[in-house]
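Here is the structure we will look at.
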Amino acid sequence: WDNADFSRGVGTTFYQEFSTLNTAKPPFVRDVEAKVRQYMRSSYSAAWTLKITWEKAPVYSSWTDTQKTITYQAVLTTDGFRSYILMLYQDGGMQWDYTRLAATNVLIGYT
């Protein structure tokens, strides 16, 4: 994510917090719970969820294609005991040409 460059006025970042400990859960949180249950094969009921969206993020570097942008999200969720993160990318995955970046050891996700 550190290779995104919003300094040119292109793209935006925003977030939405869902505190659902004792409230009705919106469809987005129910979808996150279903994904966690599916992937982790365990019961899960979210108490808190945070969705961060990088929309139309341009790549950082003046000598790469400045017209190619991507939209991606990180969704953090916890039930108070266990925490998960979902990394979501627009259809087609990462759209930047990583072979033209200054650093070639690029990762999608986290380590």
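Miscellaneous remarks
- The gain in end-to-end length when the GLN90 to ARG8 segment is fully stretched comes to 27.4 nm, 0.36 nm per residue minus the alpha carbon separation.
- Surface listing: GLU33, GLU55, GLU17 arranged by accessible area from highest to lowest gives GLU17, GLU55, GLU33, probe 1.4 Å.
- Between ALA24 and LYS68, the modelled label-to-label distance comes to 4.5 nm, taking each label 7 Å out from Cα in the direction of the beta carbon.
- Solvent-accessible surface of segment 12-100, averaged per residue with a 1.4 angstrom probe and all protein chains in place: 63 square angstrom.
The values are calculated or read from the model by the stated rules, or taken from the named source; none is laboratory data. As the structure is a prediction and not an experimental result, all values here were calculated from the model. Neighbour counts are summed over all protein chains in view; Cβ atoms, including those assigned to glycine, are modelled from backbone coordinates with ideal geometry. When the accessible area is computed, the model is the full protein with side chains, heavy atoms only, and any ligands, DNA or RNA have been set aside. Shrake-Rupley method; radii C 1.70, N 1.55, O 1.52, S 1.80 Å.
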